[in-house]
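**Q** Below are the structure tokens for one structure; questions will follow.
The values are calculated or read from the model by the stated rules, or taken from the named source; none is laboratory data. Computed from a predicted model, the values in this text were never measured in an experiment. Note: ideal-geometry Cβ built from the backbone for every residue, glycine included; neighbour counts use all protein chains shown.
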Amino acid sequence: MADLRMEHVLWRHGCQVIGVDEAGRGPLAGPVVAAACILPPDASLPGVDDSKRMTEKRREAAFAAVQEVAVGWGLGIVEAARIDEINILQATFEAMAQAAEAARAMAAARLGRLAEAALLVDGNRPIPQWPGWQRPVVGGDRKSLSIAAASILAKVTRDRMMVKYDALYPEYGFARNKGYGSKEHLEALERHGPCPLHRRTFIGPRQIRFF
């Protein structure tokens with residue numbers, strides 16, 4: 001279960017800790033969404049864990065709890081066209097940097113003068129666009145409560161977006177598959193070709209001919 005041990009080390013050095021995670025690197029359609037979360041030292045979020053380990057109902061409840069407890073939080077959203085332009089890894093970094101900056105801005109508006117930022121980033125690579133201190137944490141959403149909270153913000157935000165997109169493009173089943181390559185989704189691509197939400201670089205030559 002995620003906890004605040006890593007955060008406490010950084011807080012003792014006077015840092016403001018920002019947990020960062022993303023959702024949607026693997027789908028065939030839709031954006032990649034990153035979130036960043038700044039928790040206070042007395043944060044209590046019972047049941048918050050890696051969003052992938054939680055049910056949709058639990059994630060929805062935790063989403064509101066994280067927003068209430070957090071000192072600051074932010075989102076970064078990079079759409080399919082940009083993903084195709086710069087590749088999914090760079091798009092993920094771009095979204096993460098946007099999210100961290102947004103969280104920092106919210107905290108500044110609420111608290112005034114801020115301590116030096118220290119990022120805890122889920123994964124094994126630092127964010128190239130972030131100039132300050134950061135530490136990649138493999139499996140971070142199971143270790144750091146700040147990262148786990150960010151994972152919930154990112155996952156719920158993206159899932160809600162895909163449900164809304166389902167109303168625009170109901171033939172693909174986005175409300176159910178969230179843009180991932182389910183059997184239903186792949187069959188819809190064969191029948192209808194891709195829609196504007198699809199990532200051209202993620203789909204095969206049989207579907208790309210429809211562009």
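**Q** Among (1) modelled with pLDDT under 95; (2) in a helix (DSSP H, G or I); (3) among the aliphatic types (A, V, I, L, M), which single condition is residue 105 missing?
**A** For residue 105, the failing item is (1).
**Q** I would also like to ask the following. Take residues that are out of contact with any Phe, Trp or Tyr (no Cβ under 7 Å at 6 or more places or on another chain) and among the aromatic types (Phe, Trp, Tyr) and tell me which of the strands (runs of 3 or more DSSP E) falling wholly in the stretch 1-83 contain 1 or more.
**A** Those strands (runs of 3 or more DSSP E) span 72-78.
**Q** What do you reckon, is residue 121 of a type in the set (Val, Ile, Thr), surrounded by fewer than 22 Cβ atoms within 10 Å (Cβ to Cβ) and in contact (Cβ under 8 Å) with a residue 12 or more places away in the chain? Break it down into steps so the answer makes sense when it comes.
**A** On the way: of a type in the set (Val, Ile, Thr): yes; surrounded by fewer than 22 Cβ atoms within 10 Å (Cβ to Cβ): no; in contact (Cβ under 8 Å) with a residue 12 or more places away in the chain: yes.
No: the conditions fail for residue 121.
**Q** Kindly indicate whether residue 167 is modelled with pLDDT of 95 or more, under 18 Å from the mean Cα position of the chain (by Cα) and hydrophobic (A, V, I, L, M, F, W, C).
**A** Values: modelled with pLDDT of 95 or more: yes; under 18 Å from the mean Cα position of the chain (by Cα): no; hydrophobic (A, V, I, L, M, F, W, C): yes.
Against the criterion (modelled with pLDDT of 95 or more, under 18 Å from the mean Cα position of the chain (by Cα) and hydrophobic (A, V, I, L, M, F, W, C)), residue 167 does not qualify.
**Q** Look at the stretch 129-141 and say how many of its residues are surrounded by fewer than 18 Cβ atoms within 10 Å (Cβ to Cβ) and farther than 15 Å from residue 99 by Cβ. Quick ask: steps written out before the conclusion?
**A** Initially, the stretch 129-141 is screened for residues surrounded by fewer than 18 Cβ atoms within 10 Å (Cβ to Cβ), giving 129, 131-133, 135-136, 138-139.
Retained after the next criterion (residues that are farther than 15 Å from residue 99 by Cβ): 131, 133, 135-136, 138-139.
Residues in the stretch 129-141 being surrounded by fewer than 18 Cβ atoms within 10 Å (Cβ to Cβ) and farther than 15 Å from residue 99 by Cβ: 6 in total.
**Q** Can you pull out the residues in the stretch 153-193 that are surrounded by 19 or more Cβ atoms within 10 Å (Cβ to Cβ) and acidic (Asp, Glu)?
**A** 159
**Q** Let me ask something additional. For the stretch 58-100, which positions are touching a residue at least 40 places away in the same chain (Cβ under 8 Å), farther than 22 Å from residue 18 by Cβ and not hydrophobic (A, V, I, L, M, F, W, C)?
**A** Listed by number, the residues that qualify are 60, 79, 84, 87.
Residue-wise test of (1) among the charged types (D, E, K, R); (2) out of contact with any Leu (no Cβ under 7 Å at 6 or more places or on another chain); (3) over 25 Å from residue 66 (Cβ atoms).
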position: 143; (1), (2), (3): yes, yes, no
position: 157; (1), (2), (3): no, no, no
position: 160; (1), (2), (3): yes, yes, no
position: 165; (1), (2), (3): no, no, no
position: 168; (1), (2), (3): no, yes, yes
position: 172; (1), (2), (3): no, yes, yes
position: 178; (1), (2), (3): yes, yes, no
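**Q** OK, next. Considering only residues that are surrounded by fewer than 22 Cβ atoms within 10 Å (Cβ to Cβ) and of a type in the set (A, V, I, L, M, F, W, C), which ones fall in the stretch 37-62?
**A** Initial filter on the stretch 37-62 (surrounded by fewer than 22 Cβ atoms within 10 Å (Cβ to Cβ)): 40-47, 49-50, 52-61.
Residues satisfying the conditions are 43, 45, 54, 61.
**Q** Go through the stretch 154-185 and count every residue that is assigned to a helix (DSSP H, G or I) and closer than 16 Å to residue 25 by Cβ. Spell out how you get there, then give the answer.
**A** Initial filter on the stretch 154-185 (assigned to a helix (DSSP H, G or I)): 154-168, 170-172, 174-177, 183-185.
Now narrow it down to the ones that are closer than 16 Å to residue 25 by Cβ: 154-155, 157-159, 161-162, 177.
Count: 8.
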